[in-house]
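Okay, so here's the structure we're looking at.
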Amino acid sequence: MDVNIQYGPAFSLATVKVSSSEQIRVEPGAMVSHTDSMVMETKAEGGLFGGLKRMVSGESFFQNTWQAPAQGGEITLAPSLPGDMVTLDIGGGDFLLASGAYVASEMGVKTDASWGGARGFFGGGGIILLRVSGQGKLVAASYGAIVERILKPGERYVIDTGHIVGMDASIQFTVEKSGTWKSTILGGEGFVCQLTGPGRVLMQSRSTEAFLGWLIPKLPKSSN
């Protein structure tokens, strides 16, 4: 598949050209439009157990597979939140992708939510990382703009867990409080991720948790 991303970083749209009879996986709800004769099949990859693992990790139970006709086709994709999109080439090493960032991928790309690092993130900082492996292109999305940072071997860097889009699996990480329990609870920073290079890390300029923390108190309260 060939991906062209436009209108970022605020309202990105990915135009994906699919070659003759090629199949791609697309997150449910991400399709905006497509050319005639593109065919969609919906199923739980990996069966019932595979679908349940994705639900626990914050992903959709079902996945859509789109196939182009003999003459090829085109499909446009967009994430549910305003923000950026990026195309990642998977194959030179595994990549750890934040749950909810997945948009689409070639069929050779595999995601796994059952590895130990995902459980560590879920128990510590409220984020789940999917291990992405295999071979092919993957389209990921963020809330806000995507910022890339390259860490040198042994270089340490700290990121709020709500701002992580993904990172190379070569990066070592731990989830910890941003300070003391008092500063963590009252200071509004919560949990952070301590990273140690080498590798690439992708950050998003906005946090969905921070947005919900601002929005929810402003919603009308039920009178019942």
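Of these, Ser20, Ser60, Ser80, Ser33, which one is at pLDDT 95 or above, of a type in the set (Gly, Ala, Ser) and assigned to a loop (DSSP other than H, G, I, E, B)?
Ser20
Please go through region 196-224 and give me each residue that is part of a helix (DSSP H, G or I) and of a type in the set (A, V, I, L, M), ordered by number.
Step one: of region 196-224, the residues part of a helix (DSSP H, G or I) are 208-218.
Result: Ala210, Leu212, Leu215, Ile216.
Restricting attention to region 1-27, which residues are of a type outside the set (Gly, Ala, Ser) and closer than 14 Å to Ala141 by Cα?
Val3, Asn4, Ile5, Gln6, Tyr7, Pro9, Phe11, Leu13, Thr15, Val26, Glu27 - these are the residues of region 1-27 that are of a type outside the set (Gly, Ala, Ser) and closer than 14 Å to Ala141 by Cα.
How many of the residues making up region 130-156 are part of a strand (DSSP E or B), buried (at least 18 other Cβ atoms within 10 Å of the Cβ) and hydroxyl-bearing (Ser, Thr, Tyr)?
Residues in region 130-156 being part of a strand (DSSP E or B), buried (at least 18 other Cβ atoms within 10 Å of the Cβ) and hydroxyl-bearing (Ser, Thr, Tyr): 0 in total.
Return the residues of region 14-42 that are closer than 16 Å to Tyr102 by Cα and touching a residue at least 40 places away in the same chain (Cβ under 8 Å); say none if nothing qualifies.
Passing the criteria: Ala14, Thr15, Val16, Ile24, Arg25, Val26, Glu27, Gly29, Ala30, Met31, Val32.
Given the structure, is Gly162 out of contact with any helix residue (DSSP H, G or I) (no Cβ under 7 Å at 6 or more places or on another chain), crowded, with 17+ Cβ neighbours inside 10 Å and either modelled with pLDDT under 95 or small (Gly, Ala, Ser) (or both)?
So Gly162 fails the test.
The values are calculated or read from the model by the stated rules, or taken from the named source; none is laboratory data. These figures come from a predicted structure and were not determined experimentally. No Cβ is skipped: glycine too gets one built from the backbone with ideal geometry, and neighbour counts run over all protein chains shown.
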